[in-house]
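Reading through the structure tokens given below for one structure.
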Amino acid sequence: MKPLEDQLALLETTPWKVLLILDACRADAFIDAAGDGREVRSPANCTDKWVKAVTPTLKKCGIKRYYTANPLVGKHINSQLGEGTAIPLWFSLWSRLTDMNIPGVNPWAVNGWVLNDVIHENVEWPIVVHYLQPHFPAVGSPPFAIGQWGGKWTDLHMATRRLPRPERLHKKGLLDIDYMRESYNGNVRLAVRAANHLVKMLNVDTIITSDHGELLGEVNEDGKTLFGHAMGEKSPILRSVPWLHCSSKEPRSIDDGNELREKLTVLGYY
């Protein structure tokens, strides 16, 4: 089997202005949802290790801003790349999502913030946008309130209740693994749709990838059922992440293909 290309090396050799990170996104799930992309090797199996590994590469690339919905990222980015480089979207956009009031950051709200900055603040490239999805909890379809939410930031900043971890539910016989996988894939689809929309709106060379993968009930050689992305787990699934390079396209006029008329017709103006 041919070894996977190295994600960090690709970041240095591929032209890009925007880097979109889908947190905890498996390559197979992404390719299935997006219908495109390929599998590459991440330098880490969890977010905090990944951001430490990728920071020197981002520095070489001259990164200007790192928008993040994940609270684990900002402190290291600011300490290594300069105070204010990380834009903590989670601080302002954290909310309760779906009818289940699941805590998280809506990826469409992330898009709105980034687009507003690009339009009104003359943002310099390159930038990174780090979505929270498809990391659990799942706020796509179907929603599922499980996750890895034991850190101090949840209690200190957001006063959220801790969500049950899948391995604990599994030990108690309360976890439907098929449903968990379905909800994860729904979270991937949600993240892919949001990322694709931002790619279209920004219309610059963009890479979509992930920090690490996710274990969804796979059984290892010792017969242990694995979930999440525990720091000590060596499964290759956690290093397998998607890679999709989206080149910029010729800008369209506002009325290309009668698009303006079509939308006004829907609103009843014609």
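Listed here are the residues, each with its yes/no results for (1) of a type in the set (A, V, I, L, M, F, W, C); (2) modelled with pLDDT of 95 or more.
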position	(1), (2)
Ala191	yes, yes
Ala195	yes, yes
Val204	yes, yes
Glu214	no, yes
Gly223	no, no
Glu233	no, no
Pro236	no, no
Val241	yes, yes
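If I go through the range 162-198 residue by residue, how many of them are among the β-branched types (Val, Ile, Thr), farther than 19 Å from Pro103 by Cα and touching a residue at least 60 places away in the same chain (Cβ under 8 Å)? Working first, answer last.
So the first thing to find is which residues in the range 162-198 are among the β-branched types (Val, Ile, Thr), and the list is 177, 188, 192.
With the extra rule that they be farther than 19 Å from Pro103 by Cα, the set shrinks to 177, 192.
Filter once more, so that each one left must be touching a residue at least 60 places away in the same chain (Cβ under 8 Å): 192.
Summing the residues that are among the β-branched types (Val, Ile, Thr), farther than 19 Å from Pro103 by Cα and touching a residue at least 60 places away in the same chain (Cβ under 8 Å) in the range 162-198 gives 1.
Among the residues of the range 165-175, what is the count of those that are surrounded by 12 or more Cβ atoms within 10 Å (Cβ to Cβ) and either in contact with a helix residue (DSSP H, G or I) (Cβ under 9 Å, 6 or more places away or on another chain) or part of a helix (DSSP H, G or I) (or both)?
Adding up the residues that qualify gives 6.
Working only within the range 167-192, note down all residues that are within 18 Å of the chain's Cα centre (by Cα), over 26 Å from Leu4 (Cβ atoms) and among the charged types (D, E, K, R).
Within the range 167-192, Glu182 is the sole residue that qualifies.
Taking the range 49-73, which residues are under 23 Å from Pro236 (Cβ atoms), over 14 Å from the mean Cα position of the chain (by Cα) and in contact (Cβ under 8 Å) with a residue 40 or more places away in the chain?
Those that are under 23 Å from Pro236 (Cβ atoms), over 14 Å from the mean Cα position of the chain (by Cα) and in contact (Cβ under 8 Å) with a residue 40 or more places away in the chain: Lys49, Ala53, Val54, Thr57.
Would you point out the residue of the range 1-39, among those that are without any contact (Cβ under 8 Å) to a residue 24 or more places away in the chain and under 21 Å from Asp205 (Cβ atoms), that is surrounded by the most Cβ atoms within 10 Å (Cβ to Cβ)?
Per the criteria, the residue is Ala9.
Go through the range 106-140 and give me each residue that's assigned to a helix (DSSP H, G or I) and out of contact with any strand residue (DSSP E or B) (no Cβ under 9 Å at 6 or more places or on another chain).
Trp108, Gly112, Leu115, Asn116, Ile119, His120, Glu121
Of all residues in the range 102-151, which are among the aromatic types (Phe, Trp, Tyr), over 26 Å from Gly62 (Cα atoms) and touching a Lys or Arg at 6+ places or on another chain (Cβ under 8 Å)?
Trp149
Yes/no per residue for (1) at pLDDT below 95; (2) not hydroxyl-bearing (Ser, Thr, Tyr):
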position: Trp16; (1), (2): no, yes
position: Leu22; (1), (2): no, yes
position: Ala27; (1), (2): no, yes
position: Ala33; (1), (2): no, yes
position: Glu39; (1), (2): no, yes
position: Cys61; (1), (2): no, yes
position: Thr68; (1), (2): no, no
position: Pro71; (1), (2): yes, yes
position: Asn78; (1), (2): no, yes
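Return a yes/no flag: does the range 37-44 have any residue that is at positive phi and not hydroxyl-bearing (Ser, Thr, Tyr).
The answer is yes; a qualifying residue exists.
The values are calculated or read from the model by the stated rules, or taken from the named source; none is laboratory data. It should be emphasised that the depicted structure is a prediction, and the values quoted were computed from it without experimental measurement. As a convention, Cβ positions derive from the backbone with ideal geometry for all residues, glycine included, and neighbour counts pool all protein chains shown.
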